[in-house]
Amino acid sequence: MKSKLKALFEILLIALIFIILTYVVQNNFDFFENLVGKNIWGIVIYVLIIIIAIVIAPISSIPLLPVVSNIWGWKIAAAVSVVGWTIGSMLAFLIARVYGVRIVKRLVSLEGIHRLENKIPKEHLFLSVVFLRIVIPVDILSYALGLFSKIKFWPYTIATFIGVIPATVILAVLGTIPFIYQLIALLIVGILVVSSWIIQITCKRCVDFVQKKFYYNKKRK
């Protein structure tokens with residue numbers, strides 16, 4: 001339960017930083033345009049930041065998307081981000097596959113990786129990796145797949161490329177919409193997630209109570 005709360009907190013924190021940066025960029029556009037630039041060097045630096053963020057997890061480069069989306073447009077920002085996340089994921093996968101736990105434990109939390117171990121299916125790996133890429137953050141998953149899966153490097157790379165596209169496009173578009181709409185969306189999602197969590201806990205406690213009551217009555221008979 002604590003691990004789920006921690007993961008939820010991290011996701012909400014990233015979302016909050018994303019929204020704050022959107023507000024800052026949209027209200028100081030000229031400054032960020034001059035800082036990042038619209039040239040090839042700005043793109044190269046951004047891709048390098050993404051790669052470093054993935055390899056040295058759990059740093060997330062997601063909050064930078066609203067910056068580049070507002071400067072380059074969401075299409076270019078999404079395309080560059082997909083390339084960066086794919087390259088970073090390839091490197092993380094190779095590090096895990098070639099050097100194993102000995103090196104991986106110096107870069108990421110092994111506890112987080114082991115939590116993903118049971119979620120990695122043994123069959124239909126290509127489609128499974130595509131699905132996992134859509135629902136699980138890029139960084140730690142790359143190491144987990146390199147350590148625990150049997151998927152080959154190039155199928156993994158293609159599946160990763162396909163899998164990161166949906167979330168990247170959505171985030172790139174979200175980075176360009178007004179701050180107030182993002183804040184409203186975050187509040188709605190936050191309420192839904194917290195409500196779902198409360199319902200899940202309540203249902204679990206009810207089931208545990210019923211089971212204990214049934215066991216107690218059965219034992220008395």
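So here's what we get for this one:
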{"quantity": "Protection proxy ranking of 124-135, 76-87, 101-112 - average other beta-carbon atoms within 10 Å, highest first", "calculated": "76-87, 124-135, 101-112"}
{"quantity": "Region 14-172 - Kirkwood radius from inverse mean 1/r over Cα pairs (Å)", "calculated": "16.1"}
{"quantity": "Protection proxy ranking, peptides 153-159, 172-178, average beta carbon neighbours within 10 Å, highest first", "calculated": "172-178, 153-159"}
{"quantity": "For region 102-112, Karplus couplings with θ = phi - 60° (6.51, -1.76, 1.60), whole Hz, Gly/Pro x", "calculated": "3, 9, 4, 5, 7, 9, 9, 6, 5, 4, x"}
{"quantity": "Value of Rg to Rh for region 106-162 (Rh from inverse mean 1/r over Cα pairs, i.e. Kirkwood)", "calculated": "0.93"}
{"quantity": "Cα-Cα over 31 Å, subset of Lys75/Lys105; Lys105/Lys152; Lys38/Lys150", "calculated": "Lys75/Lys105; Lys38/Lys150"}
{"quantity": "Three-way shape call for region 146-207 based on the alpha-carbon gyration tensor, with the a/c threshold at 1.5", "calculated": "oblate"}
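Bear in mind these aren't lab numbers, they're just calculated from the coordinates by the rules spelled out. Every value quoted in this text rests on a predicted model; they were computed, and no experiment measured them. Don't worry about glycine lacking a Cβ; one is built from the backbone with ideal geometry, like all the others, and counts go over all protein chains shown.
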